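Before any comments, here is the structure.
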Amino acid sequence: MKSVLRFLKDPFVVIAMVSIVFPFVFPFTDLATEMLIFGLLAVAFNLMLGYTGLLSFGHAALFGTGAYTMGILLVRFQVNIFLGMLASAGMAAAIALLIGWISIRRHGIYFAMLTLAFNEVFYFTLTQFRDLTGGEDGLRGIYRPDLVAGPASLSVQEPMRFYFFVLFIFLLSLLAMRRITGSPMGSVFKAIRENENRAESVGYKCRYYKIVAFVFSGFFAGLAGALFCIYIKYVSLSFCHWSLSGEVIIMALLGGIGSLYGPLIGAALVTLMQDILAGMWERWLLLLGIIFIIFVMFFQGGVWSGIEALSSRLFRKPEKKEIPA
Amino acid sequence: MALLKTTKLLKYFGSLACVYYVDLEFEEGRIYSIIGPNGAGKTSLLNLISGHLAPSSGEITFRDRKIDGLESSQVSQLGIGRSFQLNNLFPALSVFENVRLAVQSRHPGRYNFFSNIGAYREVNEKADAIVDKIGLSPSSAKQAQYLSHGDKRLLEIGIALATDPALLLMDEPTSGMAPEETVMMLGFIRKLALEHTIIFIEHKMNIVMSISDQVIVMNQGRVIATGTPAAVQADPEVRRAYLGGID
């Protein structure tokens, strides 16, 4: 009984259960799918901001890389869906390696600006290769392939089925990122966030570890892009626009960058608001901006730390409280 | 053979020479202290040795290997540990984690990104042993930022120790400490000297004179005297430049 309770206290289990039940109580399955995809993107982004302390403004380029790679592979080569997703994530990881390798030489705001600059370079490069990317018209003719593994195949055209396919990839990725952040190398990421200078002084070549964090982040951001591509069956330049990078930052901060799962909540909230408010009021971004300001000023832990505080109050356990000296 | 040797070491900041043609040799197993007025170049010298600064010219060798120009992480990996004058910890991480990270930096498992952090028992056991050695076992789970100043100073040294340095560089280990804490730290440094060669910067003369084998006196970037505590105290130039100013 006790072990079941502990099992239920694991946020990953809670998130898995909630997201399994979610589409049955929430009437808009497509919107739920979108929430998962952006959740994946925001968690991937937070591997850098929350865990390594690196603010990237280039995640739209990585998301876009994933989406374009998937799209192009589908349109030109009718690639297997799993192979395509792996290639898209790998391609985004490669782009992250390139951007990271150069940007990581600078710190703080200069790093952020370099990633933003790369995002812009990437955006305009894509407009130039019209033959491959469709330029401003976007990439058309994308279809959602069936899940094919050997002789077995399964159609995911139907929204509910597609949701569960995305959920499967999402949970797998979340589990992988959880292992990364809990690993010895993940502990070095946190050390860099806390005090890069000291991490270097005890013998860690921080540049190397930061690039690795960037590559991991890029891999999962690319995977999110690939999923979005087959979700919406279209790839447009707006996927790579820097404003998406900004939106991801808002998602992460709103949800809370202090944990692996916080950004999920932020992504779900922003995606939901976007859908509901954008239909009612065209200046809805103003409202999002105000909410964002309030959170950054008064609730720096984001929604997640609120949930944590609430759950520890509900399941009040005899806590060994450290008294700050 | 000297463990560490500097040859014509020179460091300019703009046109200001903060370390000026310094030739020093450090033998294994001894305690060296560097003294001198503020701005004498003591910390800069330590920074040059530990790779936090690159010299303008000159050479530093550690175990006959040239180490000037290496990054601080490389210098650390060769066996030179460093503690800092201002606390330089991982503030939001626990005391244990602060030390564990330093231990892990020598372990091949540091590149592992898919096992649990507890997978390497030897790393955790050694970290526990070091937390115990610095006397912080009761606060092992406490975040470093909530420690008292004295405990932070101990953790500062504990992190440096956890990398198993042959040579330990300490920048004012007793800075800001109360007198009774200082006495305790003194005993601790003596104990460390049994296993490590130590170079430390210190302002408190009683400490310097009581535990150093050799004292190096710096002023305006130059080494103006080296020798045993007694010899240095008797040196007329030292009295003029430094000690004279105090008593």
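The values are calculated or read from the model by the stated rules, or taken from the named source; none is laboratory data. On a predicted model such as this, the values are computed, not experimentally measured, just so you know. Every residue, glycine among them, receives a Cβ derived from its backbone with ideal geometry; neighbour counts consider all protein chains shown.
The listed residues are B:195, B:237, and the only one of them that is under 24 Å from residue B:83 (Cα atoms) and either of a type in the set (Asp, Glu) or touching a Lys or Arg at 6+ places or on another chain (Cβ under 8 Å) (or both) turns out to be B:195. Check segment B:138-158 and report whether any residue there is charged (D, E, K, R) and over 21 Å from the mean Cα position of the chain (by Cα). Yes, segment B:138-158 contains at least one residue that is charged (D, E, K, R) and over 21 Å from the mean Cα position of the chain (by Cα).
The residue pairs whose first member lies in segment A:7-30 and is surrounded by 13 or more Cβ atoms within 10 Å (Cβ to Cβ), whose second member is polar (S, T, N, Q), and whose beta carbons are closer than 7 Å, counting only pairs six or more residues apart or on different chains, are A:23/A:29. Taken as a whole, the structure leaves residue B:147 outside the set of residues that are more than 14 Å from chain A (Cβ to nearest Cβ) and without any contact (Cβ under 8 Å) to a residue 60 or more places away in the chain. Has segment A:222-229 got any residue that is surrounded by fewer than 24 Cβ atoms within 10 Å (Cβ to Cβ) and in contact with a helix residue (DSSP H, G or I) (Cβ under 8 Å, 6 or more places away or on another chain)? No, because not a single residue in segment A:222-229 is surrounded by fewer than 24 Cβ atoms within 10 Å (Cβ to Cβ) and in contact with a helix residue (DSSP H, G or I) (Cβ under 8 Å, 6 or more places away or on another chain). The one condition from (1) closer than 20 Å to residue A:201 by Cα; (2) under 15 Å from the mean Cα position of the chain (by Cα) that residue B:70 does not meet is (2). Only residues that are farther than 24 Å from residue B:205 by Cβ and in contact with an Asp or Glu (Cβ under 6 Å, 6 or more places away or on another chain) were counted across segment B:137-175, and they come to 1.
Does residue B:204 meet the test of being under 18 Å from the mean Cα position of the chain (by Cα), over 22 Å from residue B:135 (Cα atoms) and basic (Lys, Arg)? Spell out the reasoning first.
Values: under 18 Å from the mean Cα position of the chain (by Cα): yes; over 22 Å from residue B:135 (Cα atoms): yes; basic (Lys, Arg): yes.
Taking the combined requirement at face value, the residue satisfies it.
Please tell me if residue B:133 is charged (D, E, K, R), within 14 Å of another protein chain (Cβ to nearest Cβ) and out of contact with any helix residue (DSSP H, G or I) (no Cβ under 6 Å at 6 or more places or on another chain).
Working: charged (D, E, K, R): yes; within 14 Å of another protein chain (Cβ to nearest Cβ): no; out of contact with any helix residue (DSSP H, G or I) (no Cβ under 6 Å at 6 or more places or on another chain): yes.
For residue B:133, the condition - charged (D, E, K, R), within 14 Å of another protein chain (Cβ to nearest Cβ) and out of contact with any helix residue (DSSP H, G or I) (no Cβ under 6 Å at 6 or more places or on another chain) - is not met.
Going residue by residue through segment B:56-72, is there one that turns out to be facing chain A (nearest Cβ under 9 Å) and modelled with pLDDT of 90 or more? Scanning segment B:56-72, I find at least one residue that is facing chain A (nearest Cβ under 9 Å) and modelled with pLDDT of 90 or more, so the answer is yes.
If you go through segment B:103-144 and keep only what is buried (at least 21 other Cβ atoms within 10 Å of the Cβ) and either in contact (Cβ under 8 Å) with a residue 60 or more places away in the chain or of a type in the set (Lys, Arg) (or both), you end up with B:103, B:110. Within segment B:86-99, which residues are closer than 17 Å to residue B:139 by Cα, within 9 Å of chain A (Cβ to nearest Cβ) and touching a residue at least 40 places away in the same chain (Cβ under 8 Å)? If the condition is that a residue be closer than 17 Å to residue B:139 by Cα, within 9 Å of chain A (Cβ to nearest Cβ) and touching a residue at least 40 places away in the same chain (Cβ under 8 Å), then B:89, B:90, B:91, B:92, B:93, B:98 are the ones that fit. Here segment A:46-73 is the region considered, the condition is being crowded, with 24+ Cβ neighbours inside 10 Å and in contact with a strand residue (DSSP E or B) (Cβ under 9 Å, 6 or more places away or on another chain), and the residue that is nearest to residue A:142 (Cα to Cα) is A:71.
Tell me the helices (runs of 4 or more DSSP H) entirely within segment A:63-160 that contain at least 2 residues that are touching a Ser or Thr at 6+ places or on another chain (Cβ under 9 Å). Lay out the reasoning, then the answer.
Values: elements: A:81-103, A:108-128, A:130-133.
Per the criteria, A:81-103, A:108-128.
Could you please give the count of residues in segment B:100-116 that are more than 7 Å from chain A (Cβ to nearest Cβ), under 24 Å from the mean Cα position of the chain (by Cα) and either of a type outside the set (D, E, K, R) or at positive phi (or both)? The qualifying residues number 2. Yes or no: residue A:302 more than 14 Å from chain B (Cβ to nearest Cβ) and surrounded by 21 or more Cβ atoms within 10 Å (Cβ to Cβ)? It is true that residue A:302 is more than 14 Å from chain B (Cβ to nearest Cβ) and surrounded by 21 or more Cβ atoms within 10 Å (Cβ to Cβ).
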